[in-house]
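Some notes on the structure that comes next.
The values are calculated or read from the model by the stated rules, or taken from the named source; none is laboratory data. Model, not experiment: these values are computed from the prediction. Reconstructed Cβ throughout: ideal geometry from the backbone, glycine too, with neighbour counts over all protein chains shown. With ligands, DNA and RNA removed, areas are computed over all heavy atoms of the protein, side chains included. Shrake-Rupley method; radii C 1.70, N 1.55, O 1.52, S 1.80 Å.
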Protein chains: 2
Amino acid sequence: MAQDSAPLSARDRAERIEEILRDRICVLDYPPGMRLSEAELAEEFGISRTPLRRVLARLESAHLLHSVHGVGTFVTDLADEELDQIYRLRIELAQLAGRLDPVPPSTALLTQFRDLADRAMALQPDPETPRPFAQLIMDFILAQSQLCANKPLMEVTQHLYFQTARIWVQSLFTSSLDLAEELSVFAREVADVLAALEAGDLDAAASIHRTHISLSYRRMRARRETGA
Amino acid sequence: MAQDSAPLSARDRAERIEEILRDRICVLDYPPGMRLSEAELAEEFGISRTPLRRVLARLESAHLLHSVHGVGTFVTDLADEELDQIYRLRIELAQLAGRLDPVPPSTALLTQFRDLADRAMALQPDPETPRPFAQLIMDFILAQSQLCANKPLMEVTQHLYFQTARIWVQSLFTSSLDLAEELSVFAREVADVLAALEAGDLDAAASIHRTHISLSYRRMRARRETGA
DNA sequence: TCGGGTGCTGTTGTGCACATCATAAGCGAA
DNA sequence: TTCGCTTATGATGTGCACAACAGCACCCGA
(Lines give C-alpha, C1' and ligand atoms only; values in the text may rest on other atoms or scores of the structure.)
Protein backbone atom coordinates (compact mmCIF):
# COMPACT_ATOMS: atom_id res chain seq x y z
CA MET A 1 0.00 0.00 0.00
CA ALA A 2 1.13 3.54 -0.63
CA GLN A 3 2.69 5.32 2.34
CA ASP A 4 0.93 8.56 1.56
CA SER A 5 -2.55 7.15 1.76
CA ALA A 6 -1.84 5.21 4.95
CA PRO A 7 -3.94 6.73 7.71
CA LEU A 8 -1.76 8.50 10.23
CA SER A 9 -2.25 7.57 13.85
CA ALA A 10 -3.08 10.25 16.35
CA ARG A 11 0.47 10.20 17.65
CA ASP A 12 2.00 10.55 14.19
CA ARG A 13 -0.28 13.46 13.32
CA ALA A 14 0.69 15.26 16.52
CA GLU A 15 4.37 14.61 15.92
CA ARG A 16 4.15 15.94 12.39
CA ILE A 17 2.38 19.12 13.50
CA GLU A 18 4.96 19.63 16.23
CA GLU A 19 7.76 19.41 13.68
CA ILE A 20 6.02 21.88 11.39
CA LEU A 21 5.50 24.42 14.15
CA ARG A 22 9.04 24.00 15.44
CA ASP A 23 10.35 24.51 11.95
CA ARG A 24 8.31 27.68 11.53
CA ILE A 25 9.66 29.03 14.79
CA CYS A 26 13.27 28.20 13.93
CA VAL A 27 13.19 29.83 10.48
CA LEU A 28 11.42 32.96 11.74
CA ASP A 29 8.09 32.33 10.04
CA TYR A 30 6.95 32.84 13.61
CA PRO A 31 9.42 35.38 15.04
CA PRO A 32 10.04 35.74 18.80
CA GLY A 33 7.19 37.55 20.52
CA MET A 34 4.61 36.62 17.92
CA ARG A 35 1.23 35.53 19.19
CA LEU A 36 -0.17 32.24 17.91
CA SER A 37 -3.90 31.58 17.88
CA GLU A 38 -4.93 28.13 19.04
CA ALA A 39 -8.17 28.43 17.10
CA GLU A 40 -6.48 29.43 13.85
CA LEU A 41 -3.83 26.71 14.08
CA ALA A 42 -6.45 24.10 14.90
CA GLU A 43 -8.43 25.12 11.85
CA GLU A 44 -5.34 25.12 9.63
CA PHE A 45 -4.47 21.55 10.58
CA GLY A 46 -8.07 20.41 10.49
CA ILE A 47 -8.27 19.35 14.12
CA SER A 48 -9.89 20.77 17.23
CA ARG A 49 -8.13 22.78 19.89
CA THR A 50 -7.79 19.80 22.25
CA PRO A 51 -5.14 17.79 20.35
CA LEU A 52 -3.47 20.99 19.18
CA ARG A 53 -3.06 22.11 22.76
CA ARG A 54 -1.22 18.86 23.45
CA VAL A 55 1.32 19.84 20.78
CA LEU A 56 1.62 23.37 22.15
CA ALA A 57 2.22 21.96 25.63
CA ARG A 58 5.16 19.95 24.33
CA LEU A 59 6.62 22.97 22.54
CA GLU A 60 6.17 24.95 25.73
CA SER A 61 8.14 22.36 27.70
CA ALA A 62 10.86 22.79 25.05
CA HIS A 63 10.93 26.52 25.88
CA LEU A 64 9.84 27.53 22.37
CA LEU A 65 6.35 28.73 23.33
CA HIS A 66 4.79 30.31 26.37
CA SER A 67 1.06 30.44 27.09
CA VAL A 68 -0.58 32.97 29.40
CA HIS A 69 -4.14 32.46 30.57
CA GLY A 70 -6.46 35.00 29.03
CA VAL A 71 -3.73 36.64 26.96
CA GLY A 72 -2.31 34.31 24.33
CA THR A 73 0.38 31.86 23.28
CA PHE A 74 3.65 33.52 22.33
CA VAL A 75 6.91 32.53 20.71
CA THR A 76 9.58 32.94 23.38
CA ASP A 77 12.56 35.24 23.17
CA LEU A 78 15.97 34.68 24.76
CA ALA A 79 17.85 37.05 27.05
CA ASP A 80 21.51 37.61 26.20
CA GLU A 81 22.64 35.73 29.27
CA GLU A 82 20.54 32.65 28.52
CA LEU A 83 21.74 32.68 24.94
CA ASP A 84 25.30 32.85 26.18
CA GLN A 85 24.81 29.87 28.50
CA ILE A 86 23.20 27.76 25.80
CA TYR A 87 25.94 28.54 23.29
CA ARG A 88 28.73 27.63 25.66
CA LEU A 89 26.96 24.37 26.40
CA ARG A 90 26.43 23.68 22.70
CA ILE A 91 30.13 24.19 22.08
CA GLU A 92 31.04 21.58 24.67
CA LEU A 93 28.46 19.11 23.42
CA ALA A 94 29.58 19.49 19.80
CA GLN A 95 33.05 18.42 20.84
CA LEU A 96 31.58 15.59 22.89
CA ALA A 97 29.73 14.23 19.85
CA GLY A 98 33.06 13.27 18.32
CA ARG A 99 34.05 11.27 21.40
CA LEU A 100 30.79 9.63 22.49
CA ASP A 101 29.56 6.88 20.12
CA PRO A 102 30.72 8.37 16.82
CA VAL A 103 29.44 6.50 13.76
CA PRO A 104 30.95 6.67 10.25
CA PRO A 105 28.51 8.23 7.79
CA SER A 106 26.67 5.96 5.39
CA THR A 107 27.06 6.64 1.69
CA ALA A 108 23.56 8.10 1.74
CA LEU A 109 24.53 10.49 4.51
CA LEU A 110 27.72 11.46 2.65
CA THR A 111 25.59 12.23 -0.40
CA GLN A 112 23.41 14.36 1.83
CA PHE A 113 26.43 16.32 2.98
CA ARG A 114 27.52 16.86 -0.61
CA ASP A 115 24.06 18.14 -1.46
CA LEU A 116 24.27 20.52 1.48
CA ALA A 117 27.64 21.76 0.25
CA ASP A 118 26.17 22.37 -3.20
CA ARG A 119 23.17 24.17 -1.79
CA ALA A 120 25.44 26.37 0.31
CA MET A 121 27.54 27.28 -2.73
CA ALA A 122 24.50 28.01 -4.86
CA LEU A 123 22.49 30.02 -2.33
CA GLN A 124 22.13 33.72 -3.10
CA PRO A 125 21.87 35.83 0.04
CA ASP A 126 18.60 37.76 0.25
CA PRO A 127 18.13 39.97 3.32
CA GLU A 128 14.36 39.81 2.88
CA THR A 129 13.82 36.04 3.04
CA PRO A 130 15.73 34.32 5.84
CA ARG A 131 13.93 31.02 5.28
CA PRO A 132 16.24 29.37 2.68
CA PHE A 133 19.39 30.15 4.65
CA ALA A 134 17.85 29.13 7.96
CA GLN A 135 16.48 25.92 6.50
CA LEU A 136 19.85 25.05 4.98
CA ILE A 137 21.62 25.42 8.27
CA MET A 138 18.94 23.45 10.05
CA ASP A 139 19.30 20.59 7.58
CA PHE A 140 23.05 20.67 8.13
CA ILE A 141 22.65 20.48 11.89
CA LEU A 142 20.26 17.54 11.58
CA ALA A 143 22.67 15.74 9.23
CA GLN A 144 25.59 16.41 11.54
CA SER A 145 23.67 14.96 14.48
CA GLN A 146 23.47 11.64 12.62
CA LEU A 147 27.23 11.26 13.05
CA CYS A 148 26.69 10.44 16.72
CA ALA A 149 24.83 7.29 17.80
CA ASN A 150 24.32 8.48 21.37
CA LYS A 151 20.62 9.20 21.19
CA PRO A 152 20.29 11.23 24.39
CA LEU A 153 23.21 13.44 23.38
CA MET A 154 21.70 13.86 19.94
CA GLU A 155 18.34 14.86 21.41
CA VAL A 156 19.90 17.37 23.77
CA THR A 157 22.03 18.84 20.99
CA GLN A 158 19.02 19.33 18.75
CA HIS A 159 16.92 20.64 21.60
CA LEU A 160 19.52 23.32 22.35
CA TYR A 161 19.91 24.16 18.68
CA PHE A 162 16.17 24.69 18.33
CA GLN A 163 16.35 27.24 21.11
CA THR A 164 19.17 29.29 19.65
CA ALA A 165 18.44 29.01 15.91
CA ARG A 166 15.81 31.76 15.59
CA ILE A 167 17.83 34.18 17.71
CA TRP A 168 20.94 33.69 15.61
CA VAL A 169 19.05 34.04 12.33
CA GLN A 170 17.27 37.09 13.66
CA SER A 171 20.49 38.81 14.68
CA LEU A 172 21.90 38.09 11.25
CA PHE A 173 18.94 39.43 9.30
CA THR A 174 18.22 42.51 11.39
CA SER A 175 21.68 43.97 10.82
CA SER A 176 21.95 42.09 7.49
CA LEU A 177 25.40 43.53 6.88
CA ASP A 178 27.37 40.33 7.18
CA LEU A 179 24.88 38.08 5.44
CA ALA A 180 27.04 37.28 2.43
CA GLU A 181 30.09 36.74 4.58
CA GLU A 182 28.22 34.49 6.98
CA LEU A 183 26.95 32.44 4.08
CA SER A 184 30.44 31.94 2.65
CA VAL A 185 31.73 30.99 6.11
CA PHE A 186 28.99 28.42 6.38
CA ALA A 187 29.75 27.05 2.93
CA ARG A 188 33.35 26.58 4.00
CA GLU A 189 32.28 24.81 7.19
CA VAL A 190 30.22 22.31 5.22
CA ALA A 191 33.13 21.76 2.84
CA ASP A 192 35.57 21.28 5.72
CA VAL A 193 33.29 18.83 7.52
CA LEU A 194 32.74 16.94 4.29
CA ALA A 195 36.50 16.68 3.72
CA ALA A 196 37.01 15.37 7.26
CA LEU A 197 34.25 12.80 6.78
CA GLU A 198 35.68 11.61 3.49
CA ALA A 199 39.00 11.20 5.26
CA GLY A 200 37.19 9.14 7.90
CA ASP A 201 38.16 11.47 10.73
CA LEU A 202 34.96 11.88 12.75
CA ASP A 203 36.66 13.62 15.64
CA ALA A 204 38.02 16.22 13.24
CA ALA A 205 34.54 16.77 11.84
CA ALA A 206 33.23 17.33 15.34
CA SER A 207 36.05 19.75 16.13
CA ILE A 208 35.40 21.74 12.97
CA HIS A 209 31.73 21.94 13.86
CA ARG A 210 32.55 22.98 17.39
CA THR A 211 34.89 25.70 16.18
CA HIS A 212 32.31 27.09 13.80
CA ILE A 213 29.64 27.24 16.48
CA SER A 214 32.09 29.11 18.66
CA LEU A 215 33.16 31.55 15.93
CA SER A 216 29.64 32.21 14.66
CA TYR A 217 28.63 33.00 18.21
CA ARG A 218 31.50 35.47 18.51
CA ARG A 219 30.43 37.18 15.31
CA MET A 220 26.86 37.37 16.61
CA ARG A 221 28.07 38.99 19.82
CA ALA A 222 30.10 41.45 17.77
CA ARG A 223 26.95 42.36 15.82
CA ARG A 224 25.10 42.81 19.08
CA GLU A 225 27.76 45.19 20.40
CA THR A 226 27.91 47.36 17.30
CA GLY A 227 24.15 47.33 16.78
CA ALA A 228 23.39 48.42 20.35
CA MET B 1 -2.03 36.77 53.12
CA ALA B 2 -0.67 33.34 53.89
CA GLN B 3 1.18 31.60 51.08
CA ASP B 4 -0.53 28.29 51.70
CA SER B 5 -4.01 29.63 51.20
CA ALA B 6 -3.04 31.63 48.13
CA PRO B 7 -4.95 30.23 45.18
CA LEU B 8 -2.60 28.43 42.84
CA SER B 9 -2.76 29.39 39.20
CA ALA B 10 -3.49 26.75 36.62
CA ARG B 11 0.15 26.65 35.61
CA ASP B 12 1.39 26.23 39.17
CA ARG B 13 -1.08 23.44 39.86
CA ALA B 14 0.05 21.57 36.75
CA GLU B 15 3.70 22.06 37.63
CA ARG B 16 3.12 20.76 41.13
CA ILE B 17 1.32 17.66 39.87
CA GLU B 18 4.07 17.02 37.34
CA GLU B 19 6.68 17.12 40.10
CA ILE B 20 4.66 14.74 42.24
CA LEU B 21 4.22 12.21 39.45
CA ARG B 22 7.88 12.48 38.43
CA ASP B 23 8.89 11.91 42.02
CA ARG B 24 6.69 8.84 42.28
CA ILE B 25 8.22 7.42 39.12
CA CYS B 26 11.78 8.09 40.26
CA VAL B 27 11.37 6.48 43.70
CA LEU B 28 9.55 3.43 42.31
CA ASP B 29 6.14 4.22 43.73
CA TYR B 30 5.25 3.74 40.07
CA PRO B 31 7.71 1.09 38.85
CA PRO B 32 8.60 0.69 35.15
CA GLY B 33 5.81 -0.98 33.20
CA MET B 34 3.07 0.06 35.62
CA ARG B 35 -0.15 1.30 34.09
CA LEU B 36 -1.48 4.64 35.26
CA SER B 37 -5.16 5.48 35.01
CA GLU B 38 -5.94 8.98 33.78
CA ALA B 39 -9.34 8.83 35.46
CA GLU B 40 -7.95 7.78 38.84
CA LEU B 41 -5.15 10.37 38.81
CA ALA B 42 -7.60 13.09 37.80
CA GLU B 43 -9.84 12.15 40.68
CA GLU B 44 -6.93 12.03 43.13
CA PHE B 45 -5.84 15.56 42.26
CA GLY B 46 -9.40 16.85 42.06
CA ILE B 47 -9.23 17.92 38.43
CA SER B 48 -10.68 16.57 35.21
CA ARG B 49 -8.82 14.47 32.67
CA THR B 50 -8.15 17.42 30.36
CA PRO B 51 -5.56 19.31 32.45
CA LEU B 52 -4.15 16.05 33.76
CA ARG B 53 -3.52 14.89 30.22
CA ARG B 54 -1.49 18.05 29.67
CA VAL B 55 0.80 16.97 32.52
CA LEU B 56 1.03 13.43 31.18
CA ALA B 57 1.98 14.79 27.75
CA ARG B 58 4.90 16.67 29.27
CA LEU B 59 6.07 13.59 31.18
CA GLU B 60 5.76 11.63 27.96
CA SER B 61 8.01 14.11 26.15
CA ALA B 62 10.50 13.58 29.00
CA HIS B 63 10.44 9.84 28.18
CA LEU B 64 9.06 8.90 31.58
CA LEU B 65 5.59 7.85 30.36
CA HIS B 66 4.19 6.33 27.21
CA SER B 67 0.52 6.36 26.20
CA VAL B 68 -1.06 3.91 23.78
CA HIS B 69 -4.50 4.59 22.35
CA GLY B 70 -7.06 2.18 23.71
CA VAL B 71 -4.58 0.41 25.97
CA GLY B 72 -3.23 2.66 28.69
CA THR B 73 -0.52 4.98 29.95
CA PHE B 74 2.59 3.17 31.15
CA VAL B 75 5.78 4.04 33.01
CA THR B 76 8.62 3.50 30.54
CA ASP B 77 11.47 1.07 30.98
CA LEU B 78 15.02 1.47 29.67
CA ALA B 79 16.96 -0.99 27.53
CA ASP B 80 20.51 -1.70 28.66
CA GLU B 81 21.96 0.13 25.69
CA GLU B 82 19.95 3.31 26.28
CA LEU B 83 20.87 3.22 29.95
CA ASP B 84 24.51 2.89 28.97
CA GLN B 85 24.33 5.88 26.64
CA ILE B 86 22.63 8.07 29.20
CA TYR B 87 25.11 7.16 31.91
CA ARG B 88 28.11 7.93 29.74
CA LEU B 89 26.57 11.29 28.90
CA ARG B 90 25.78 12.01 32.55
CA ILE B 91 29.41 11.31 33.45
CA GLU B 92 30.63 13.88 30.94
CA LEU B 93 28.06 16.48 32.00
CA ALA B 94 28.89 16.05 35.67
CA GLN B 95 32.47 16.97 34.90
CA LEU B 96 31.29 19.85 32.76
CA ALA B 97 29.27 21.29 35.64
CA GLY B 98 32.51 22.13 37.42
CA ARG B 99 33.83 24.07 34.44
CA LEU B 100 30.74 25.86 33.11
CA ASP B 101 29.46 28.65 35.39
CA PRO B 102 30.30 27.12 38.76
CA VAL B 103 28.88 29.03 41.72
CA PRO B 104 30.09 28.81 45.34
CA PRO B 105 27.40 27.36 47.60
CA SER B 106 25.50 29.73 49.86
CA THR B 107 25.57 29.02 53.57
CA ALA B 108 22.01 27.73 53.24
CA LEU B 109 23.09 25.27 50.56
CA LEU B 110 26.07 24.19 52.65
CA THR B 111 23.71 23.52 55.52
CA GLN B 112 21.60 21.47 53.15
CA PHE B 113 24.62 19.37 52.22
CA ARG B 114 25.41 18.81 55.88
CA ASP B 115 21.83 17.68 56.46
CA LEU B 116 22.16 15.31 53.55
CA ALA B 117 25.36 13.91 55.02
CA ASP B 118 23.61 13.37 58.36
CA ARG B 119 20.65 11.70 56.71
CA ALA B 120 22.98 9.40 54.78
CA MET B 121 24.79 8.40 57.95
CA ALA B 122 21.59 7.80 59.86
CA LEU B 123 19.67 5.89 57.20
CA GLN B 124 19.11 2.21 57.92
CA PRO B 125 18.98 0.11 54.75
CA ASP B 126 15.66 -1.67 54.29
CA PRO B 127 15.30 -3.87 51.19
CA GLU B 128 11.52 -3.53 51.34
CA THR B 129 11.16 0.25 51.13
CA PRO B 130 13.36 1.90 48.49
CA ARG B 131 11.69 5.26 48.93
CA PRO B 132 13.84 6.80 51.71
CA PHE B 133 17.09 5.87 49.99
CA ALA B 134 15.85 6.97 46.56
CA GLN B 135 14.52 10.24 47.93
CA LEU B 136 17.80 10.96 49.72
CA ILE B 137 19.81 10.50 46.55
CA MET B 138 17.36 12.60 44.57
CA ASP B 139 17.66 15.43 47.08
CA PHE B 140 21.43 15.19 46.82
CA ILE B 141 21.33 15.39 43.03
CA LEU B 142 19.07 18.43 43.17
CA ALA B 143 21.36 20.13 45.70
CA GLN B 144 24.42 19.33 43.61
CA SER B 145 22.80 20.85 40.54
CA GLN B 146 22.61 24.18 42.40
CA LEU B 147 26.39 24.40 42.24
CA CYS B 148 26.18 25.24 38.55
CA ALA B 149 24.56 28.45 37.33
CA ASN B 150 24.28 27.29 33.74
CA LYS B 151 20.53 26.71 33.64
CA PRO B 152 20.36 24.71 30.41
CA LEU B 153 23.09 22.38 31.65
CA MET B 154 21.30 22.04 34.95
CA GLU B 155 18.04 21.18 33.22
CA VAL B 156 19.64 18.59 30.99
CA THR B 157 21.48 17.04 33.92
CA GLN B 158 18.30 16.70 35.93
CA HIS B 159 16.37 15.46 32.92
CA LEU B 160 18.90 12.67 32.37
CA TYR B 161 18.95 11.82 36.05
CA PHE B 162 15.17 11.45 36.11
CA GLN B 163 15.45 8.90 33.35
CA THR B 164 18.06 6.72 35.03
CA ALA B 165 17.04 7.06 38.68
CA ARG B 166 14.29 4.44 38.79
CA ILE B 167 16.34 1.91 36.84
CA TRP B 168 19.30 2.25 39.16
CA VAL B 169 17.17 1.99 42.30
CA GLN B 170 15.35 -0.98 40.84
CA SER B 171 18.56 -2.84 40.04
CA LEU B 172 19.75 -2.17 43.58
CA PHE B 173 16.58 -3.38 45.28
CA THR B 174 15.90 -6.44 43.15
CA SER B 175 19.25 -8.04 43.97
CA SER B 176 19.34 -6.14 47.30
CA LEU B 177 22.66 -7.74 48.17
CA ASP B 178 24.80 -4.62 48.05
CA LEU B 179 22.29 -2.28 49.59
CA ALA B 180 24.25 -1.58 52.77
CA GLU B 181 27.48 -1.18 50.85
CA GLU B 182 25.88 1.16 48.32
CA LEU B 183 24.50 3.28 51.13
CA SER B 184 27.88 3.60 52.80
CA VAL B 185 29.47 4.49 49.45
CA PHE B 186 26.88 7.18 48.99
CA ALA B 187 27.43 8.52 52.50
CA ARG B 188 31.13 8.84 51.69
CA GLU B 189 30.38 10.64 48.46
CA VAL B 190 28.29 13.23 50.25
CA ALA B 191 31.02 13.66 52.86
CA ASP B 192 33.70 14.03 50.16
CA VAL B 193 31.67 16.57 48.22
CA LEU B 194 30.96 18.48 51.40
CA ALA B 195 34.67 18.58 52.24
CA ALA B 196 35.51 19.86 48.76
CA LEU B 197 32.85 22.55 49.04
CA GLU B 198 34.06 23.67 52.44
CA ALA B 199 37.53 23.95 50.92
CA GLY B 200 36.03 26.08 48.16
CA ASP B 201 37.09 23.70 45.39
CA LEU B 202 34.05 23.43 43.14
CA ASP B 203 35.88 21.61 40.38
CA ALA B 204 36.95 18.96 42.86
CA ALA B 205 33.34 18.58 44.00
CA ALA B 206 32.28 18.05 40.40
CA SER B 207 35.05 15.52 39.83
CA ILE B 208 34.06 13.58 42.92
CA HIS B 209 30.47 13.53 41.76
CA ARG B 210 31.50 12.43 38.30
CA THR B 211 33.62 9.62 39.69
CA HIS B 212 30.82 8.35 41.86
CA ILE B 213 28.35 8.31 38.99
CA SER B 214 30.86 6.34 36.99
CA LEU B 215 31.61 3.86 39.78
CA SER B 216 27.99 3.36 40.79
CA TYR B 217 27.21 2.61 37.17
CA ARG B 218 29.98 0.01 37.09
CA ARG B 219 28.59 -1.64 40.20
CA MET B 220 25.14 -1.68 38.63
CA ARG B 221 26.51 -3.35 35.51
CA ALA B 222 28.26 -5.90 37.71
CA ARG B 223 24.94 -6.67 39.42
CA ARG B 224 23.35 -7.05 36.02
CA GLU B 225 26.01 -9.53 34.90
CA THR B 226 25.83 -11.71 38.00
CA GLY B 227 22.06 -11.51 38.24
CA ALA B 228 21.51 -12.60 34.63
C1' DT C 1 -12.06 -30.31 20.77
C1' DC C 2 -10.57 -26.54 18.35
C1' DG C 3 -10.71 -22.28 15.44
C1' DG C 4 -12.51 -18.06 14.40
C1' DG C 5 -15.71 -14.56 14.55
C1' DT C 6 -18.31 -11.34 17.50
C1' DG C 7 -19.71 -8.47 20.96
C1' DC C 8 -18.35 -6.37 25.51
C1' DT C 9 -15.54 -3.59 28.32
C1' DG C 10 -12.25 -0.35 29.51
C1' DT C 11 -8.80 2.74 27.79
C1' DT C 12 -6.94 6.89 25.45
C1' DG C 13 -8.16 10.53 21.84
C1' DT C 14 -11.37 14.30 20.20
C1' DG C 15 -14.88 17.92 19.85
C1' DC C 16 -17.50 21.26 21.95
C1' DA C 17 -19.55 24.28 25.29
C1' DC C 18 -18.52 26.95 29.07
C1' DA C 19 -15.51 28.99 32.92
C1' DT C 20 -11.83 31.99 33.97
C1' DC C 21 -8.85 35.55 33.11
C1' DA C 22 -6.55 39.90 31.12
C1' DT C 23 -7.03 43.77 28.33
C1' DA C 24 -8.88 47.76 26.33
C1' DA C 25 -12.60 50.56 25.06
C1' DG C 26 -16.43 53.22 26.76
C1' DC C 27 -18.53 56.22 29.88
C1' DG C 28 -19.69 59.08 33.61
C1' DA C 29 -18.54 61.98 37.57
C1' DA C 30 -15.33 65.19 39.77
C1' DT D 1 -10.15 67.34 30.82
C1' DT D 2 -9.03 63.46 33.46
C1' DC D 3 -9.41 59.78 36.48
C1' DG D 4 -11.56 55.55 37.70
C1' DC D 5 -15.11 52.18 37.21
C1' DT D 6 -17.77 49.28 34.20
C1' DT D 7 -18.41 46.49 30.50
C1' DA D 8 -17.36 44.12 26.28
C1' DT D 9 -14.31 41.19 23.96
C1' DG D 10 -11.30 37.63 22.95
C1' DA D 11 -7.81 34.68 24.70
C1' DT D 12 -6.47 30.28 27.27
C1' DG D 13 -8.10 26.68 30.79
C1' DT D 14 -11.60 23.09 32.16
C1' DG D 15 -15.27 19.63 32.27
C1' DC D 16 -17.93 16.43 29.96
C1' DA D 17 -19.83 13.45 26.50
C1' DC D 18 -18.70 10.72 22.82
C1' DA D 19 -15.54 8.52 19.17
C1' DA D 20 -11.82 5.38 18.17
C1' DC D 21 -9.32 1.70 19.44
C1' DA D 22 -7.25 -2.74 21.63
C1' DG D 23 -7.86 -6.76 24.27
C1' DC D 24 -10.61 -10.41 26.12
C1' DA D 25 -14.27 -13.44 27.01
C1' DC D 26 -17.75 -15.78 24.95
C1' DC D 27 -20.09 -18.44 21.73
C1' DC D 28 -21.08 -20.93 17.65
C1' DG D 29 -19.93 -24.06 13.98
C1' DA D 30 -16.96 -27.55 11.97
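Averaging the inverse of every distinct alpha carbon separation and then flipping it gives the Kirkwood radius. What is it for the protein assembly as shown, in angstrom units?
It works out to 24.3 Å.
Distance from the C-alpha centroid of the stretch A:41-67 to that of the stretch B:17-33: 25 Å, rounded to the whole angstrom. In this structure, the amide hydrogen of B:Y30, modeled 1.01 Å from its nitrogen in the peptide plane, lies closer than 5 angstrom to those of B:I25, counting only residues at least 5 positions away or on a different chain. Here the scattering of the stretch B:155-215 is modelled by Debye summation over its C-alpha atoms, one equal scatterer each and no solvent; at q = 0.15, 0.28, 0.29 Å⁻¹ the log10 of I(q)/I(0) is -0.56, -1.14, -1.15.
Are there any residues in the stretch B:75-118 with a reduction of at least 10 Å² in accessible surface when going from the isolated chain to the assembly of protein chains? Probe 1.4 Å, please list them by number. When all protein chains are present, B:E82, B:Q85, B:I86, B:R88, B:L89, B:E92, B:L93, B:L96, B:R99, B:L100, B:D101 each give up 10 Å² or more of accessible surface. Annotation: the stretch B:79-228 has a Kirkwood hydrodynamic radius of 15.6 angstrom, from the mean reciprocal C-alpha pair distance.
The share of C-alpha pairs in the stretch B:10-75 whose separation exceeds 15 Å stands at 47 percent. Taking the centroid of alpha carbons for each part, the stretch B:105-134 and the stretch B:159-228 are 13 Å apart. Projecting the Cα positions of A:T174, A:A134, A:L93 onto the charge dipole of the stretch A:80-227 (unit charges on Cβ atoms of Lys, Arg, Asp and Glu, taken about the Cα centre) puts A:L93 furthest along the positive direction. Quick check: the angle from helix B:107-122's long axis to the longest principal axis of chain B, C-alpha only, nearest 10 degrees? So the inclination is approximately 90 degrees. Rounded to whole numbers, the Karplus 3J(HN,Hα) couplings from phi for the stretch B:176-182 are 6, 7, 9, 4, 4, 5, 4 Hz, using 6.51 cos²θ - 1.76 cosθ + 1.60 with θ = phi - 60°, and x at Gly and Pro.
The long axis of helix A:131-145 is offset from the longest Cα principal axis of chain A by roughly 70 degrees. Taking amide H positions as modeled 1.01 Å from N, with prolines and chain starts lacking one, the residues under 5 Å from B:C148 and 5 or more places away or on another chain are B:V103.
Using the empirical formula 2.2 N^0.38 Å as the baseline, the Cα radius of gyration of the stretch A:1-152 reaches a ratio of 1.23.
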